[in-house]
1. Any residue in region 142-155 that is charged (D, E, K, R) sitting within a Cβ distance under 8 Å of a residue that is in a loop (DSSP other than H, G, I, E, B)? List the pairs, counting only those 6 or more apart or interchain.
2. Scan region 61-81 for residues that are charged (D, E, K, R) and either modelled with pLDDT under 95 or more than 14 Å from Val135 (Cβ to Cβ) (or both) and jot them down.
3. Which of the residues that make up region 79-135 are in a strand (DSSP E or B), of a type in the set (Gly, Ala, Ser) and farther than 20 Å from Gly49 by Cβ?
4. Among the residues of region 143-176, write down those that are of a type in the set (D, E, K, R) and at pLDDT 80 or above.
5. What pairs come out if I take residues in region 123-135 that are modelled with pLDDT of 95 or more and pair them with residues that are in a loop (DSSP other than H, G, I, E, B) and among the β-branched types (Val, Ile, Thr) whose C-beta lies under 7 Å away, six or more apart or interchain?
Amino acid sequence: MKRLRIGMVAAAALAVALIGGLLIAGTAAAQGGATLSVSDGSAETGAQGTVVLDASSIGDPGLGAWTVDIAYDDSVITAVDCSAEQGGVCNEAFAADMVRITGASAGGLEGDTTLGGVTFECGSAEGSSPLTLTVNVFADATIGDPQDIDATIVNGTFDCADVAPTATVVVTDGPVTGTGVADSGSSFGWLIALLAVVGGAAAVVGFSAQRNR
């Protein structure tokens with residue numbers, strides 16, 4: 001009888017171990033391959049650009065809750081606006097150099113989902129700012145016992161650059177055939193010819209007057 005009890009206890013312990021192992025394996029399978037990323041962005045100095053926060057390859061039962069911070073270099077860019085997707089909330093002024101996006105989904109978000117977008121404004125100088133993610137909450141939608149999702153984090157970069165100068169092209173109606181400046185030698189020749197004509201006319205007039213006398 002005693003041996004029977006020992007055997008039953010051992011069997012029960014083995015069953016618990018097997019069930020626990022299956023649960024752990026199931027959780028790991030649901031979390032495997034998940035990615036949380038912020039896209040790269042760029043804008044001209046003094047202008048604005050937008051980046052997005054994405055959750056990708058989320059398995060069953062889906063993403064149930066998230067709170068993610070995006071840190072940046074506030075000497076290069078400033079967060080001026082943000083919007084949260086999937087019924088979440090976004091605060092572009094969570095800190096002087098940080099944006100927070102948070103939300104929850106009772107039904108779970110599977111596959112690829114955009115969680116929000118942030119608009120940054122470049123300062124007056126060229127530069128580059130890292131966009132660094134900090135995950136505070138990233139859990140699945142398991143009812144009554146949400147499990148953390150161990151996602152791969154992909155950070156981004158935001159670049160600010162000056163406007164490139166634009167070349168000015170002058171278009172004319174036709175080819176230019178001259179400089180528009182009168183030739184001094186040609187003008188002098190015309191002056192001599194004009195004086196000769198005037199002189200000849202004066203001589204004719206003088207001859208005619210002498211003859212009439």
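The values are calculated or read from the model by the stated rules, or taken from the named source; none is laboratory data. These numbers were taken from a predicted model, which means no experiment stands behind them. Every residue, glycine among them, receives a Cβ derived from its backbone with ideal geometry; neighbour counts consider all protein chains shown.
1. Final answer for the pair search is Asp150/Ala34.
2. Of everything in region 61-81, those that are charged (D, E, K, R) and either modelled with pLDDT under 95 or more than 14 Å from Val135 (Cβ to Cβ) (or both) turn out to be Asp73, Asp74, Asp81.
3. Ala95, Gly103, Ala104, Ser105, Ala106, Gly107, Gly108, Gly111 - these are the residues of region 79-135 that are in a strand (DSSP E or B), of a type in the set (Gly, Ala, Ser) and farther than 20 Å from Gly49 by Cβ.
4. Listed by number, the residues that qualify are Asp145, Asp148, Asp150, Asp159, Asp162.
5. Gly123/Thr45; Gly123/Val76; Ser124/Thr45; Ala125/Thr45; Glu126/Thr45; Gly127/Val76; Ser128/Val76; Ser129/Val76
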